[in-house]
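The values are calculated or read from the model by the stated rules, or taken from the named source; none is laboratory data. The shown structure was predicted, so the numbers you read here are calculated from the model rather than taken from an experiment. Positions of Cβ are backbone-derived with ideal geometry, glycine not excepted, and every protein chain shown enters the neighbour counts. For the accessible areas, the whole protein counts, side chains as well, though only heavy atoms, and no ligand, DNA or RNA atoms are used. Shrake-Rupley method; radii C 1.70, N 1.55, O 1.52, S 1.80 Å.
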Number of protein chains: 2
Amino acid sequence: MIETRLRSMLDEGAEKRPSQTRKATVLLREMVISNKLLPGSMHLESELAELLAMSRTPVREAAIILEGQGLVEVIPRRGIKIVPLSVADMEEIYSILTELESLAAYDVARKGPEADDIAELRSHTDDMDAALKDDDRAAWAEADHAFHSKLVAMTGNRRLISIVATYSDQVHRARLLTLHMRPKPYKSNADHRALVDAIAAGEADRAREIHRDHRVAAKNLMIGLIATHGLSAL
Amino acid sequence: MIETRLRSMLDEGAEKRPSQTRKATVLLREMVISNKLLPGSMHLESELAELLAMSRTPVREAAIILEGQGLVEVIPRRGIKIVPLSVADMEEIYSILTELESLAAYDVARKGPEADDIAELRSHTDDMDAALKDDDRAAWAEADHAFHSKLVAMTGNRRLISIVATYSDQVHRARLLTLHMRPKPYKSNADHRALVDAIAAGEADRAREIHRDHRVAAKNLMIGLIATHGLSAL
DNA sequence: GGCGTTGACAATGTATACGTTAATGCATAC
DNA sequence: GTATGCATTAACGTATACATTGTCAACGCC
């Protein structure tokens, strides 16, 4: 079977020749979402080229790609700007993620998921519980992310997967920052379990509502934390 | 006021220096969505560069940008492929558009739109009615598109606007093709009116449902037409 | 007759050169 | 002191050169 693929949008992590452009894209993305390159900072093409030990061309191409993903902004003669997120930006993003992940929950519940997939979701919730017990927030965040990713992946909708990944990247820094500020996420774990139950039972509308409420709560929590701590942009 | 912008993602049609890269991007996009470059066809960088009377560099950059928007796929040494859409692809896209536009309807209704904006929506529905009376399908499609764009724009959510624009582009060809195959869209016009009424009345949940049903119907209609006519990809 | 191998070739990926353009600072006028 | 205009120059946008690499077909082996 010949697959027609939309590579950059849909195959995210797929095999690719490790071209300089690809390396630059991957490295820059990681530096951005992990806060190695600070939000709002500007970097000349030549500076990044030197940093990555390559010429301007692949850096430039990587910048175009990452601009398409909303992580940087190319400003002629000023440099490549690491896009900072305001609270308003986060609200935009969370609205979209809420809606699309809720759609995912609905679709997955409706089409009746494989037992294997349900088991994987449950294993992620188990990991979350374990992490909560150990008070290991990094592990919790990782399991939480794995759960959400798996849920979306189960739809099989490649474009949906791509959009959610893109916007999750954009709020990644904010999640990192608030991870240690939030109260222990007992409620969140309970939400995840309830969602899996609804999905397993094929209750699509209920799954959608559970997930929507879950996401709205997460958004409010995060925005509250950011406002409380007087962070205007990050 | 210094505006922090996410240009490529969020400012779609904004002012930009008419660089060669920009020209290439705009021209190629139009050639793709208007079927000047046929779905599935492949084009070498050098071929497009000659066609557009510029060097390979801006063509290459445009290809990267359009790949990020799902319109083309860059296949090393084979060329730039105009991405064809299968029925499955269209279902993916319509699911997303349905969900996000329904969110838009909800948000707009909830926050209470300006009278001006409501008036503009109504003027688009008037145009649709006029076009329907004249049996001018091109005008109808244009007014329909203007209505949907305006609705989404009214949210003020730039990312939402960007995503909807991107995926609308992807199904543009299919809309062109089915425009003259579908029955006269009386129901569609009625849906739009009902939606505006719900929004004007601030009935957010109802607006969401009306729009969702509207979109689902549109999707089923299109997919039915395509299946009926034995079109496997376009 | 089909399949793996090999080599020529074409297209790309990357670096680099260079002309253009806009940001910046300073001189000057008000 | 502030505003205006201009020169300077850094950075970019684009073209181009070249090495690399994947494709394709011819060839020979199985």
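Figures for the structure shown
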| quantity | calculated |
| --- | --- |
| Chains A and B, summed buried accessible surface - 1.4 Å probe, Å², nearest 100 | 3400 Å² |
| Isotropic mean projected area of the C-alpha convex hull, the stretch B:87-228 (nm²) | 7.4 nm² |
| DSSP-loop GluC sites (Glu not before Pro) across the stretch A:103-160, with at most 16 other Cβ within 10 angstrom | A:GLU114 |
| Kirkwood-Stokes translational diffusion coefficient of the stretch A:78-146, alpha-carbon pairs, 10 °C, 1.306 mPa s, µm²/s | 107 µm²/s |
| A:LYS184 accessible area, 1.4 Å probe, all protein chains in place, Å² to nearest 10 | 70 Å² |
| Listed residues A:GLY68, A:ALA49, A:SER123: farthest to the positive end of the dipole of chain A (Cβ charges) | A:ALA49 |
| Of all chain A residues, the one whose C-beta is nearest the axis that brings A onto B, in angstrom | A:GLY68, 2 |
| Normalised alpha carbon radius of gyration of the stretch A:7-82 [divisor 2.2 N^0.38 Å] | 1.02 |
| In the stretch A:18-83, trypsin sites (Lys or Arg not before Pro) in a DSSP loop with at most 11 other beta-carbon atoms within 10 Å | A:LYS36, A:ARG77, A:ARG78 |
| The stretch A:146-234: radius of gyration and largest Cα-Cα distance (Dmax), Å | 14.4, 43 |
| Candidates A:LEU179, A:LEU51, A:LEU221: whichever shows maximal mean-square fluctuation once chain A is modelled as a Gaussian network with Cα springs under 10 Å | A:LEU51 |
| Residue among A:ASN189, A:LEU221, A:LEU176 farthest towards the positive dipole end of the stretch A:176-223, charges placed on Cβ | A:LEU176 |
| Cα-based shape type of the stretch B:16-164, given that a ≥ b ≥ c are square roots of the gyration tensor eigenvalues and the cut on a/c is 1.5 | prolate |
| Given charges at beta-carbon only (K, R positive; D, E negative), |dipole| of chain A in Debye | 720 debye |
| Reference-scaled alpha-carbon Rg (2.2 N^0.38 Å with N residues) for the stretch B:190-234 | 1.53 |
| Cα principal axis extents for the protein assembly as shown, largest first, Å | 69, 53, 52 |
| Average beta carbon contacts from partner chains per residue of B:55-68, 10 Å cutoff | 3 |
| Cα centroid separation - the stretch A:81-135 against the stretch B:34-96, whole Å | 32 Å |
| Cα-only radius of gyration and Dmax that characterise the stretch A:137-194, units Å | 12.4, 34 |
